[in-house]
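In what follows, a structure is listed as structure tokens, so that the remarks can point back to it.
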Amino acid sequence: MSDLLRRQVGAKRDGGTPWKDVRFRCSFHNTIYDVLKGRGFKETDAELDWDFFWCDKEWIHDTFDHVHLQPNQRINHFRNHFELTRKDLLVKNIKRACRQAQRDGQPEEVKRYNACTPTTFVLPQEHSMFVEEFKKQPSGTIWIMKPIGKAQGRGIFLLDKLSQINNWKQDFKWLKKDDDRRNDDEDKKEPEPYVIQKYLSSPLLIGGKKFDLRLYVLVTSYSPLTVYMYRSGFARFSHSRFSMDDIANSQVHLTNVAIQKQNDNYDEKRGGKWDLQHLKSYLISQWGIEKVTELFVGIQDLILSSLLAVQKVIIQDKHCFELYGYDIMISSDFRPWLIEVNASPSLTANTPLDYELKFAMLDDVLTIIDMERYLGGDEMQIGGFDLIYRNGCRVGPPLNAVHRCYLGCHNNRAEQLARLARSLGSSEQERRLQQEKQPPDSKSQAPYAETGRSNPKETGGSGGRPPLAAGGGPRRAAGEARSNSQVRQRSSVS
């Protein structure tokens, strides 16, 4: 749909092809690569001479601290994104935010933080605390152990007895000092850090099968915190009927696609996924709109609570944005639980519908990042993304709306982008008409004043590349006052 903005906005500018000025690098050859090429950006393999880089996490960890980026350059990870996306640090930051809310006398915030995740401990550091909690629980309580550094369900197992982790516990090398480790000629392998959570042994089932939700959340800034949520997503289903009789069967208890693909009943056509809108419609038909609306509002609140918990520890950088993949589980009492946050959600599609969803979502991400400087900055919806938090305010539908959040509602991105393109195109046309009415001298300077470039006639050079950072754009500053008032109008009471 980016072609609408090209025709209505970009083509009406001087030069007419702002998208061709954007050079990109991409560490992946999957759906995101197709989107970048589809927008008309120019690919480059230069180490640093690019405008947009969809990089992997390793580049952030190994290279980001050793380079200086230009104002126009954008990358898709924050420097210490792991504060949110590593399982142990996520739990640590939520617990810290909860304690701070207690000290500040904010009982509602305390309640929200406590409702984010099941009871969780980090091993080996909190092993004694876990044992104490384990002994308080009724006999037969199930716990799930997850390695903090692995994905796609690898290394996860369930347990109901302390003896089942004795082999892991008995390796006390993590207690030794560094000097002792260096002098130890025996096995130098340390116990792998894990998180252990109270298992949701009573999940909401559909057709007797367990599922979780994959949702997409875009953060463009942590200071101020600015959050967009994509209306669409999908439920990932187990291909085996749920039962607590066999806790060792990962195909019953884990919904990861990598695990389910090994099932003999794996559905290649649908990939074990169900579109979020269809899921929401089904839930409404079974349990009613009020109960389901409360559930989806709770999911949005849970996501915002996790982001607020890390807002002060994430290093803000104007070059950075991040697309998170949130994994949410729903218990049988219709409570949402945060299972995991992914810094690099899979962008490889395994079905045509999956590709269509991810391509549209990523195209809208790039529209929000606005490398071509199309936007005015006061938009509340862009494609399938809705603004849900900005400038300390939660944003949502009007108070008299049927739904209290847009998650799982009809994704009207095609119609919305068409309206947006027409609106921005009219603004661009008005700008050009005003420019034509200006005296010749000021008229010749107008394009350079608007884009921030220097006039090559004055500098003796080419004027340089236009600053393509998302913070620019002539309409963005002008729309800031309108934005604040609209945020207040759409603030949700939830």
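The Cα-based radius of gyration and maximum Cα-Cα distance (Dmax) for the range 220-293 are 16.5, 48 Å. In a DSSP loop and with at most 12 other Cβ atoms within 10 Å, there are no chymotrypsin sites (Phe, Trp or Tyr not before Pro) in the range 28-90. The HN-Hα couplings worked out from phi for the range 128-144 by the Karplus form 6.51 cos²θ - 1.76 cosθ + 1.60 (θ = phi - 60°) are 5, 5, 5, 4, 4, 5, 4, 6, 7, 7, x, 4, x, 4, 9, 10, 10 Hz, whole numbers, x standing for Gly and Pro. Taking each of Lys57/Lys269; Lys146/Lys261; Lys37/Lys280; Lys150/Lys198; Lys261/Lys358 in turn, the alpha-carbon distance tops 27 angstrom for Lys57/Lys269; Lys37/Lys280.
Rg over Rh of the range 1-145, using C-alpha atoms and the Kirkwood radius, what does it come to? We get a ratio of 1.17 for the range 1-145. Starting from the Kirkwood Rh over alpha-carbon pairs, what translational D in µm² s⁻¹ does the range 284-415 have by Stokes-Einstein at 25 °C and 0.890 mPa s? Estimated via Stokes-Einstein, D reaches 145 µm²/s.
Modelled spin labels at Asp264 and Gln429, positioned 7 Å past Cα toward Cβ, are 6.4 nm from each other. Taken over the range 303-362, the percentage of Cα pairs per 10 Å bin, counting from 0 up to the bin with the maximum distance, is 17, 37, 34, 11, 0.
Equivalent ellipsoid of the range 201-249: semi-axes from √(5λ) of the C-alpha gyration tensor, largest first, are 34, 12, 8 Å. Annotation note: chymotrypsin sites (Phe, Trp or Tyr not before Pro) in the range 320-391 located in DSSP loop regions with a Cβ neighbour count of at most 15 within 10 Å are Phe334. One way to sum up the overall shape of the range 22-93 is the equivalent ellipsoid from its Cα gyration tensor, whose semi-axes run 25, 15, 10 Å, largest first.
Taking a ≥ b ≥ c as the square roots of the eigenvalues of the alpha carbon gyration tensor, the range 74-137 is oblate, as a/c is not under 1.5 and a/b does not beat b/c.
Here, each number is a calculation from the coordinates, and none is a lab measurement. Remember, predicted model here, so these are calculated numbers, not experimental data. Methodologically, a virtual Cβ is constructed for each residue, glycine included, from the backbone with ideal geometry; neighbour enumeration extends over all protein chains shown.
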